[in-house]
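Remarks on the structure that follows.
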Amino acid sequence: MGKLSQANQSAISASSSGLALRSRILVGAADSLERSILRDLLADWGYQVITADDGAALLEALNEGEPAPILIVDNALAGLDGVALLHQFHWQSSRCRCWTIALTDSSESPGKGSRALARGIHIDDFLTKPVNEFDLRVSLHAAFRVRAIHAEMLESVDAARFHASRDSLTGLWNRESLLTRLFLETDRAQRMGSPLAFLLFDLDHFSLVNQRYGYDGGDNILRQFASRLRRHLRSYDLAGRCGEDEFLIAMPGCSMRDAWGMAQRLQDCIRRRPFDILKASVSVTASFGIAQSGGRSPLLVLREAESTLRAAKQAGGDCVRCFPASTVVHPIGHSATPGSSQGPWELSGD
């Protein structure tokens, strides 16, 4: 048993010491000797130690800035006993996710009632006084393991949420997530009285690209296009993939002409540089439909953008139409053959 205990102690010591270098511990103890012993011991192990000698000081330290990840609290603090203090703190603050170790006298070893109370106020472990050095190491080792697992779980949840809301091919918002955010952005624009433009567009004759280069080649173009698209977005623009080769950008604070300018820049970035597929250069064009929110339902505005996009496709593609359809944007000298003109731009119509 002696050899096993020494091995366990060495393993726990090494693990705890590695984590200690980047961890803070808040110690609340009424007895100055006990507080000093804990402070020196934890400091020797590499922890950054913050101490408090009564409940009010501990509560202030807990509510000041980012709470320490580990809290060691004596149940005999002056001003507020440890249990009452923890109850008050957890009631006041939802920020605290610290691991809490309660110190009790050996004659007050927690029973069923105390453990039930502990679950209600987030006490994670009990140690009896005077604190045994090895028991404290074991408790801290367990605390770090649990916190590490909890952090990994949070990262997994965040990753799952990200992938659930994103288009797997382009990394842009998927249709469902984009619609949810469009409703929120429309509400904000309505409250602020600010414009909100919808720019809906797709790649012309994309089915022919898939037929000639296969779906892998088409996917390659969509990924490259999404990468180019991001370079033209502001941090608060909403961009998502709505269909196979159909995309939508919601542009807060932008008028119809601002959205037309964005369409012009996107057309230019598509035309100027062909897409690379299997050592081949493929020229692609796009058609755009623009509608203005006016605080109306995003579903209604999307229908308007869809109608203008259809009008752009029917006009031969590689052009921009705004709602109402009497406004047409196209390159000077534009022909019905996609990509045949690289000339300057003009805005015609109402």
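The values are calculated or read from the model by the stated rules, or taken from the named source; none is laboratory data. Keep in mind it's a predicted model, so treat the numbers as computed, not measured. Neighbour counts are summed over all protein chains in view; Cβ atoms, including those assigned to glycine, are modelled from backbone coordinates with ideal geometry.
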Review point. If you check residue 305 against the conditions, is it closer than 16 Å to residue 189 by Cβ, of a type outside the set (Val, Ile, Thr), assigned to a strand (DSSP E or B) and touching a Gly at 6+ places or on another chain (Cβ under 9 Å)?
Key: no
Exercise for review: Taking the options 182, 238, 200, name whichever one is aliphatic (A, V, I, L, M) and more than 26 Å from residue 272 (Cβ to Cβ).
Suggested key: 182
Check your understanding: Is it the case that some residue within the stretch 238-251 is modelled with pLDDT of 95 or more, farther than 18 Å from residue 196 by Cα and not acidic (Asp, Glu)?
Key -> yes
Review point. So which pairs qualify, if the first residue must be in the stretch 145-174 and under 28 Å from residue 226 (Cβ atoms) and without any contact (Cβ under 8 Å) to a residue 40 or more places away in the chain, the second must be β-branched (Val, Ile, Thr) and part of a helix (DSSP H, G or I), the Cβ gap must be under 9 Å, and the two must be at least 6 apart or on different chains?
Key: 165/180
Practice item. Scan the stretch 310-336 and report the pairs whose first residue is closer than 15 Å to residue 199 by Cβ and whose second residue is acidic (Asp, Glu) and modelled with pLDDT of 50 or more, with Cβ atoms within less than 6 Å and a gap of 6+ or a chain change. Key: 323/304
Practice item. May I ask you to verify whether residue 134 is among the hydrophobic types (A, V, I, L, M, F, W, C), under 30 Å from residue 277 (Cβ atoms) and over 18 Å from the mean Cα position of the chain (by Cα)? Key: no
Check your understanding: surrounded by 13 or more Cβ atoms within 10 Å (Cβ to Cβ), assigned by TED's automatic domain parsing to the domain that holds residue 32, in a helix (DSSP H, G or I) and at pLDDT below 90: does that describe residue 144?
Key -> yes
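Listed here are the residues, each with its yes/no results for (1) among the acidic types (Asp, Glu); (2) surrounded by 18 or more Cβ atoms within 10 Å (Cβ to Cβ); (3) closer than 18 Å to residue 308 by Cα.
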residue: 225; (1), (2), (3): no, yes, no
residue: 249; (1), (2), (3): no, yes, yes
residue: 264; (1), (2), (3): no, no, yes
residue: 275; (1), (2), (3): no, yes, no
residue: 280; (1), (2), (3): no, no, no
Study note, to complete from the structure: Those helices (runs of 4 or more DSSP H) completely within the stretch 19-133 that have 3 or more residues that are in the same structural domain as residue 148 (by TED's automatic domain parsing), modelled with pLDDT under 70 and buried (at least 20 other Cβ atoms within 10 Å of the Cβ) are 82-92
